[in-house]
Amino acid sequence: MTISITFDPAFDFFLAKSHKEKDLAYPLTRSASVKDIIESLGVPHTEVGRICFNDQDIDFSFIPDTPGKLDIHAVDAPFDVRSPSMLRPEPLDRVRFIVDVNVLKLGRLLILLGFDVAYSSSFSDEQIADLSESESRIVLTRDTTLLKRRKIVFARRIRANLPYDQVVEVVDFFGLRDQTAFFSRCPRCNRPLKKVAKTDILHRLEPKTRKYFFDFFQCPTCGKVFWKGSHYDAMKKTFTSLGLKNPDK
């Protein structure tokens, strides 16, 4: 017994050449959920936005046991993770990310844009999956295998190669262009920065910084002090060139 599977063209990124035909004949040689079937063909469940069997919407747990047609649709952008769906009935209440070692620079750039991003070069795949579940975080990675873990519900397999292109990919895919808050978090600790009186940190400043800058911010965790100097201006210019207008407003 076989079922016919049709994948959205967006899945060509994951599929082997032999699986890209319009109506793929898949033999049902064992009892398997559609999640297992889809992932056995190379597509992680996190990239799937809708599944239909014989034109009826189904979820990942459905086990086909009769001949029929399985249509696999990709997640449409912009992906609103705060809206429930058949495949993800429990939405997130806010946008928070976790990145693996393959996209650490992406994670740091997203923090500069004001997004909550957990990152560490020492995170194992198991830790990432656990934190994704326990802290309701969206996984960003270039590791397709990682995204097949059942605990991971919301994620994006990053396609772009360069960090700034990856930023644009993430912001556009999740519809976040109007939610940036540039220079609002510590790039080291991911904690929101607090405004601090200049007099309180005067002893830590170089002479030119004391003379030319007046607004200062501090990380409540590591204590590092920040101000809007030349590095800030350069980063803001770069983000603005990517189409992220007024990123600090």
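The values are calculated or read from the model by the stated rules, or taken from the named source; none is laboratory data. Predicted model, so just to flag it, every value in this text is computed and none were measured. Every residue, glycine among them, receives a Cβ derived from its backbone with ideal geometry; neighbour counts consider all protein chains shown.
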Item to check | Boolean, ALA160 is crowded, with 17+ Cβ neighbours inside 10 Å, within 30 Å of VAL48 (Cα to Cα), aliphatic (A, V, I, L, M) and in contact with a helix residue (DSSP H, G or I) (Cβ under 6 Å, 6 or more places away or on another chain) | outcome: no
Next on the checklist: Test of understanding: among ILE111, ILE152, ILE128, which residue is touching a Lys or Arg at 6+ places or on another chain (Cβ under 7 Å) and not charged (D, E, K, R)?
Outcome noted: ILE111
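Test of understanding: among SER132, SER120, which residue is outside any helix (DSSP H, G or I), of a type in the set (Gly, Ala, Ser) and either in contact with a Ser or Thr (Cβ under 7 Å, 6 or more places away or on another chain) or under 20 Å from ASN190 (Cβ atoms) (or both)?
Sole residue among the options that is outside any helix (DSSP H, G or I), of a type in the set (Gly, Ala, Ser) and either in contact with a Ser or Thr (Cβ under 7 Å, 6 or more places away or on another chain) or under 20 Å from ASN190 (Cβ atoms) (or both): SER120.
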Next on the checklist: I'm told LEU109 meets every condition in (1) in a loop (DSSP other than H, G, I, E, B); (2) of a type in the set (A, V, I, L, M, F, W, C); (3) modelled with pLDDT of 95 or more; (4) over 21 Å from THR46 (Cα atoms) except one. Can you identify the failing condition by its number?
Outcome noted: (1)
Item to check | Subset of segment 165-194 (residues that are within 16 Å of the chain's Cα centre (by Cα) and of a type in the set (A, V, I, L, M, F, W, C)) | outcome: VAL167, VAL168, VAL170, VAL171, PHE173, PHE174, LEU176
Next on the checklist: Against the definition (more than 21 Å from the chain's Cα centre (by Cα) and not hydroxyl-bearing (Ser, Thr, Tyr)), how does ILE63 come out, yes or no?
Outcome noted: yes
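Has segment 147-157 got at least one residue that is of a type in the set (Gly, Ala, Ser) and either more than 17 Å from ILE111 (Cα to Cα) or surrounded by 15 or more Cβ atoms within 10 Å (Cβ to Cβ) (or both)? So that I can check it myself, show each step before the final result.
Restricting attention to segment 147-157, the residues satisfying the condition of being of a type in the set (Gly, Ala, Ser) are 155.
With the extra rule that they be either more than 17 Å from ILE111 (Cα to Cα) or surrounded by 15 or more Cβ atoms within 10 Å (Cβ to Cβ) (or both), the set shrinks to 155.
Within segment 147-157, one or more residues are of a type in the set (Gly, Ala, Ser) and either more than 17 Å from ILE111 (Cα to Cα) or surrounded by 15 or more Cβ atoms within 10 Å (Cβ to Cβ) (or both).
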Checklist entry - Looking only at segment 94-133, which residues are of a type in the set (Val, Ile, Thr), over 23 Å from LEU242 (Cβ atoms) and buried (at least 23 other Cβ atoms within 10 Å of the Cβ)? => result ILE128
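Restricting attention to segment 187-204, which residues are farther than 13 Å from LYS105 by Cα and touching a residue at least 40 places away in the same chain (Cβ under 8 Å)? Walk me through it before giving the result.
Of the residues in segment 187-204, the ones farther than 13 Å from LYS105 by Cα are 189-204.
Residue satisfying the conditions is ASN190 alone.
Answer yes if at least one residue in segment 73-93 is hydrophobic (A, V, I, L, M, F, W, C), over 21 Å from SER136 (Cβ atoms) and either in contact with a Cys (Cβ under 6 Å, 6 or more places away or on another chain) or surrounded by 14 or more Cβ atoms within 10 Å (Cβ to Cβ) (or both), and no otherwise.
Keep residues of segment 73-93 that are hydrophobic (A, V, I, L, M, F, W, C), which gives 74-75, 77, 79, 81, 86-87, 92.
Remaining after also requiring over 21 Å from SER136 (Cβ atoms): 74.
With the extra rule that they be either in contact with a Cys (Cβ under 6 Å, 6 or more places away or on another chain) or surrounded by 14 or more Cβ atoms within 10 Å (Cβ to Cβ) (or both), the set shrinks to 74.
Taking every residue of segment 73-93 in turn, at least one turns out to be hydrophobic (A, V, I, L, M, F, W, C), over 21 Å from SER136 (Cβ atoms) and either in contact with a Cys (Cβ under 6 Å, 6 or more places away or on another chain) or surrounded by 14 or more Cβ atoms within 10 Å (Cβ to Cβ) (or both).
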Checklist entry - Which of the residues that make up segment 190-227 are in contact with a strand residue (DSSP E or B) (Cβ under 9 Å, 6 or more places away or on another chain) and either at positive phi or of a type in the set (Lys, Arg) (or both)? => result ASN190, ARG191, LYS194, LYS195, LYS198, ARG204, LYS224
Checklist entry - Can you name every residue in segment 67-92 that is charged (D, E, K, R) and part of a loop (DSSP other than H, G, I, E, B)? => result ASP76, ASP80, ARG82, ARG88, GLU90
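Anything in segment 61-120 that is within 30 Å of LEU193 (Cα to Cα) and of a type in the set (Val, Ile, Thr)? List them, or say none.
Going through segment 61-120, the residues within 30 Å of LEU193 (Cα to Cα) turn out to be 78-83, 91-120.
Result: VAL81, VAL95, ILE98, VAL99, VAL101, VAL103, ILE111, VAL117.
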